[in-house]
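Only one structure is covered here, and it is reproduced in the block below.
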Amino acid sequence: MTDILITGADWLGDGRGDLLVRNGVLSDPATAGSDIERFDADGLIALPGLVDLHTHLRQPGREDTETVASGTAAAARGGYTAVLAMANTTPVTDTAEAAEHVAELGRRDGVAQVVPVGAVSKGLEGAELAELGLMARSPAGVRVFSDDGRCVSDARLMRRALEYVRAFDGVIAQHAQDPRLAGSDACCHEGTISGRLGLPGWPAAAESTIVARDVQLVQLTRSRLHVCHVSTAETVDVLRWAKNRDIAVTAEVAPHHLLLTTDEVLDYDPTYKVNPPLRPAEDVAELRLALADGTIDAVATDHAPHAATTRNMPSRRRRSACSDWRQRSRSSSKP
Amino acid sequence: MQHLLSAADLDLASATEIFDVAEEMSLLQGRPVKKLPALRGRTVVNLFFEDSTRTRSSFEIAGKWLSADVINVSAKGSSLSKGESLRDTVLTVAAMGVDALVIRHHASGAPRQVTQWIDAHVLNAGDGTHEHPTQALLDAFTLRRHFRQTAPTLGDFEGKTIAIVGDITHSRVARSNVLLLNTLGADVIMVAPPTLWPSGVDSWPARFCTDLDEVLPLVDAVMMLRVQRERMSGGYFPTPREYTIGYGLTSQRLEMLKVGAAICHPGPMNRGLEISAEAADAANSLILEQVAAGVAVRMSVLYSLLGGADDTPPPTARESFE
């Protein structure tokens, strides 16, 4: 394999310099031989490989929409070297065997590292704990558990999950959305636009009330919580409150919630139907502030491809879409 | 006008034009031969994904009286109930060579999506909990007639106060009516328990209120909305009994109305729930007039979408039959 010398990259906040890639590993640029491929990175920024805390690779079960191979290739194209694969596949990643299967798919087909996320509850049903300990002790070494796509809405189950994962330093990643406040027919943020368009909405409080409950359960259980795709200013308030008390909570925000507002749904274009929904500009501004000041710890894509056929449905029946690093990176790779 | 998707698509001039043409069309209803040649050779498809009696049949009659070829496609027993996507259904129908598609769908925004897939004129005959613009037009047409008959010297809607009472949040009739009545110059008051107020009422061109008794003496017309059965079990109000006592147009409340104030209901009514039999059948009830106006107004709307292309003046029933 030829050495690759990347010259003149900006090491973010650390000056400029060269990078030598030898056999896929960073090496001392001074040792570069003459038979090298040069890449001029003037004006570009060099970053360590990114980790995506939140992806849906759809394999096993929905290989028509995404596979570990295609998903990780897209991730690598976007600069990601590791992705966490959510558990809402078919079958659900709720056993050690299922987790090991996803890890094995990653080893076999992955262009980036695939880290399986285990389900909190059996079959994502929200009723009984999945075999969290066996998933943790399996070769897959699961540490992040999430029913993402669904909220662990039962307070007692959430409490038990938080307590139980302390045994192996696990963390519960919550899709915070009270299903009693945000019905399955919800299409967009509940507010002026949903009222005008006659669309059933997700109220902001459906998210923030669950986060408020969960951070207090973390306080009770001395466990760890991660909040998936924070979308509202109210949730940011709750996170600030919790972090000021040293409650062990981390949070992520998705790119579309930082860049787009609920105004996008005005034409009923189902492309902008995402879960959680796009929110008003005031929420977007607050999310940006929270990311900048560290209240929100990470950007995670919630990459979640859906089949094109489900996009020809009217808004209420359409599956939610989410950011797609592949589309973005494909278009950005063109001159 | 290319499409009629929302009452917001209408300004004062275009709504007035629709009413004036509808007045002409309504003359046809009393004639032995009910036929105008205006839309001969044009094809109108009524594509109904939801059950409907009065809207579908009045669109059908309206098209036929204008000599259009009218085809009804309903969800039951068609490919619509076999899992075909909305887009495929619409493309299939459009491929047959359709000039206008009258669509009713249970999803808000479906007619707007349809306009992105086909070139034909699209007419929203009720989409989910969004809008029902022809219902608002026939309501306003009926009220305009009533106001002209009862007080011919006054303006049609200027200075008039109209209350819309009931399940605002789930009502496509209310959404279209508030927009159109506001365009026409009326003051609109929405009356409902707060659980049935839509999100973001501050941006609506109407005042929201929870006390029907306070509002009734002020209004020139009151429009009662149907309480859908699923709302009764949805926890929006404790019991039907409590709803009727709080928000029903009971016989006792009839006496609170100004003399000549009109009573409207888009139908179908739940007699005894949101409206009493005395109110529905009162002398100042316009409920049957609303139904009768449906055909004339829909003829006028179909004509304004399909008939205006060749610069001919609107047809009048007088010309055709005198």
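Quick look at the numbers
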{"quantity": "Filter result for B:Thr239 (modelled with pLDDT under 95 and under 17 Å from the mean Cα position of the chain (by Cα))", "calculated": "no"}
{"quantity": "Residue within the range B:41-60 that is out of contact with any strand residue (DSSP E or B) (no Cβ under 7 Å at 6 or more places or on another chain), exposed (fewer than 14 other Cβ atoms within 10 Å of the Cβ) and in a helix (DSSP H, G or I) present", "calculated": "no"}
{"quantity": "Helices (runs of 4 or more DSSP H) lying entirely in the range A:119-208 (those with 2 or more residues that are closer than 30 Å to B:Ala107 by Cα)", "calculated": "A:192-197"}
{"quantity": "Checklist (1) in contact with a helix residue (DSSP H, G or I) (Cβ under 7 Å, 6 or more places away or on another chain); (2) touching a residue at least 24 places away in the same chain (Cβ under 8 Å); (3) closer than 21 Å to A:Pro270 by Cβ applied to A:Thr221, failing item", "calculated": "(3)"}
{"quantity": "Extreme residue, farthest from A:Pro270 (Cα to Cα), among residues of the range A:172-208 that are away from every other protein chain (no Cβ under 14 Å) and surrounded by 19 or more Cβ atoms within 10 Å (Cβ to Cβ)", "calculated": "A:Ile172"}
{"quantity": "Test for B:Ser171: is it of a type in the set (Gly, Ala, Ser) and crowded, with 21+ Cβ neighbours inside 10 Å", "calculated": "yes"}
{"quantity": "Tally, over the range A:89-118, of residues that are touching a strand residue (DSSP E or B) at 6+ places or on another chain (Cβ under 7 Å) and small (Gly, Ala, Ser)", "calculated": "5"}
{"quantity": "Qualifying residue in the range A:130-141 (condition: buried (at least 22 other Cβ atoms within 10 Å of the Cβ), in contact with an Asp or Glu (Cβ under 9 Å, 6 or more places away or on another chain), polar (S, T, N, Q) and more than 20 Å from A:Arg62 (Cα to Cα))", "calculated": "no"}
{"quantity": "Helices (runs of 4 or more DSSP H) contained entirely in the range B:174-273, each with at least 1 residues that are within 14 Å of chain A (Cβ to nearest Cβ)", "calculated": "B:229-232"}
{"quantity": "Those strands (runs of 3 or more DSSP E) lying entirely in the range B:61-143 with at least 1 residues within 10 Å of chain A (Cβ to nearest Cβ) and over 19 Å from B:Leu225 (Cα atoms)", "calculated": "B:100-105"}
{"quantity": "Meets criteria (touching a His at 6+ places or on another chain (Cβ under 9 Å) and modelled with pLDDT under 95) for B:Ala151", "calculated": "no"}
{"quantity": "Test: residue in the range A:248-265 that is part of a loop (DSSP other than H, G, I, E, B), in the same structural domain as A:His303 (by TED's automatic domain parsing) and in contact (Cβ under 8 Å) with a residue 40 or more places away in the chain", "calculated": "yes"}
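The values are calculated or read from the model by the stated rules, or taken from the named source; none is laboratory data. Note that this is a predicted model, so its numbers are computed, not measured. So basically every Cβ, Gly included, is an ideal-geometry build from the backbone, and we count neighbours across all protein chains shown.
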